[in-house]
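These notes are about the structure you will find just below.
Computed from the coordinates by the stated procedures, all read-outs in this text should not be read as laboratory data. Predicted model, so just to flag it, every value in this text is computed and none were measured. Here the Cβ positions follow ideal geometry from the backbone for every residue, glycine too, while neighbour counts run over all protein chains shown.
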Amino acid sequence: MAQYDLTIHEAHRLLKKGEISSAELTKAVLERVDEVEGKVCSFVTLTKDLALDQARQADERIRAGACSPLTGVPMLLKDNMCTKGTRTTCSSKMLENFVPPYDATVVEKLNAQGMVMVGKGNMDEFAMGSSTENSAFHLTHNPWDLERVPGGSSGGPATAVAAGGAIYALGSDTGGSIRQPAGFCNVVGLKPTYGRVSRYGLVAFASSFDQIGPVTKDVTDCALVLNVIAGHDPRDSTSVDRPVPDYTKSLIPDLKDLRVGIPKEYFAEGIESGVEQVVRQAIGKLEELGAELDWDVSLPSTHAALACYYIIAPSEAMANLARYDGVKYGFSARDAESMWDAMGKTRQYGFGPEVKRRIMLGTYALSAGYHEAYYLKAQKVRTLITREFADAFAKCDVLVTPTSPTVPFRIGERVDDPLQMYLADVCTQPVNIAGIPGISVPAGFVDGLPVGMQIMGKPFSEEILLRVAFAYEQATEWRQRRPAV
């Protein structure tokens, strides 16, 4: 096996034994980046010198006996997490040259473990998109088929992990932006419970939805990363103060005494037959592993989730993006006649079309005369969706659905049809609306294209999600497949 194909736990074992060094592993990953980056375009910023320097420091830690599971393991950060001294662009011209003066909390936590960061990953601009086609810099290509999208908005991180450009990555998930690209790229992606991981230093899109989570090659790696990044942070007012368990202890290869619900609304019109067949077979495997299946679960407000999300999220985005005025930091239009003209031109040329579309949606939903008709009503629907999940979890331990209703679609296929693009996240958005955790695991292939299975749980039930995901993963071979890129 090539070193860049190692998982975190495999690399950790070799590093601890001294069979490889972090410098060797990092060089192998960087060589792989040189080999495949021209095809997949996962990165916005490649930090070779920094990575090699961090690898040398990690090797010193390891020699001193301080080798935690993430020490010296090369990783990628989605480019919306602040990194002191390294530019953070959100794949937008607005922040093209922005270098943060501080690190995000998750970066601080990883640095404390001896992180090796090989770069910052490409994404949809300000995390607004489902295909990574909205980046201001370049397209990212799915390593399983270079003519198809990798999903979004964390397309760069998912692609890098799948293609060997990083051992693991961190992404952010506002409506499916970790899970959907993970499903499209045949890797594991976890969206933790809202408040489980600090958002301090994450550039805000929709503050009541955003959550940082791991993108990894297998479920064990996912648990190892969550062990490090989870926990209370007083700098994030939405961070929840509760103990962080050792998530690796929940990795048990059987599902006895667990009840799995299958919401019928997720297998309705719009799901591709191949995707449905793969996920139903995966659900059958869960039953073989000892789970009790409940096919009568219903989440009747699911049909309204898409509309609910695309009223609340753009409203929050509109407020969050108001800070980009060309005055304090970021892109600034200089050829203007007045302050107001400068601000207008800064936003005109600094933001891409999808970001502008969502700013306009949010402005409309919050405007006088429409606030009650749209925003207030959407918040009421959010409450209904949250209650329906709570009712379902009263009788089921987890719920299982497809991660996406389709296989990865072709590049350019949905760019001119925003509604079809938004439908790519129809299975994942309810999780963010309710603030619950969700994980996508590789479940099979349709015509050589990956399909993900989504497992959802009640708030702070990541241990159960990881148990179900791990048991399924160990009983199948999908995670072992690598794209021939």
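Annotation: extensible slack from Arg87 through Arg334 equals 86.7 nm (criterion: 0.36 nm per residue apart, minus Cα-Cα distance).
Peptides 22-29, 334-341 ranked from most to least packed, by the mean per-residue count of other Cβ atoms within 10 Å: 22-29, 334-341. The stretch 1-49 and the stretch 131-199 have their alpha-carbon centroids 18 Å apart. The length gained on full extension between Glu372 and Lys249, counted as 0.36 nm times the residue separation minus their Cα-Cα distance, comes to 39.6 nm.
In terms of the mean number of neighbouring beta-carbon atoms within 10 Å, the peptides 53-65, 449-461 order highest first as 449-461, 53-65.
Counting neighbouring beta carbons within 10 Å and listing from fewest to most, the residues Leu286, Leu76 come out as Leu286, Leu76.
So how much slack lies between Asp53 and Ala307, counting 0.36 nm per residue of separation and subtracting their Cα-Cα distance, in nm?
Details: separation 254, 0.36 × 254 = 91.44 nm, distance 4.72 nm.
Going from the current span to full extension adds 86.7 nm.
Taking the alpha carbon gyration tensor of the stretch 359-485, multiplying each eigenvalue by 5 and rooting it gives semi-axes of 31, 23, 9 Å, largest first. Fraction of C-alpha pairs exceeding 21 angstrom in the stretch 104-239: 35 percent, rounded to a whole number.
Distance from the Cα centre of the stretch 286-342 to that of the stretch 435-485, in angstrom? The distance from the Cα centre of the stretch 286-342 to that of the stretch 435-485 comes to 24 Å. Calculated translational diffusion coefficient of the stretch 202-263 (37 °C, 0.692 mPa s; Stokes-Einstein with Kirkwood radius over alpha-carbon pairs) equals 229 µm²/s.
Peptides 474-484, 104-114, 354-364 ordered by packing proxy, namely the average of other Cβ atoms within 10 Å per residue, highest first: 104-114, 354-364, 474-484. Note on Ala484 and Arg280: their simple-model spin labels are 3.0 nm apart, each label 7 Å out from Cα toward Cβ. Every helix of 4 or more DSSP H residues in the chain counts as -39500 (n - 2.57), and over all residues that averages to -11500 deg cm²/dmol at 222 nm.
Apply the Kirkwood formula to the chain: the hydrodynamic radius equals the inverse of the mean of 1/r over all pairs of different alpha-carbon atoms; give it in Å with one decimal.
Working: mean 1/r = 0.0451 Å⁻¹.
For the chain, the Kirkwood estimate is 22.2 Å.
A Förster radius of 22 Å, combined with the Cβ-Cβ distance separating Arg235 from Val327, puts the computed FRET efficiency at roughly 0.35. Computed from the C-beta positions of Phe445 and Ile20, the FRET efficiency with R₀ = 30 Å rounds to 0.45.
Check each of the trypsin sites (Lys or Arg not before Pro) in the stretch 363-421 and keep only those in coil by DSSP with at most 12 other C-beta atoms within 10 angstrom; list them in order.
Working: sites: Lys377, Lys380, Arg382, Arg387, Lys395, Arg410, Arg414; in loops: Lys395, Arg414.
Those that pass, being in a loop and sparsely packed, are Lys395.
Modelled label positions at Thr383 and Ser273, each set 7 Å beyond Cα in the direction of Cβ, lie 4.3 nm from each other.
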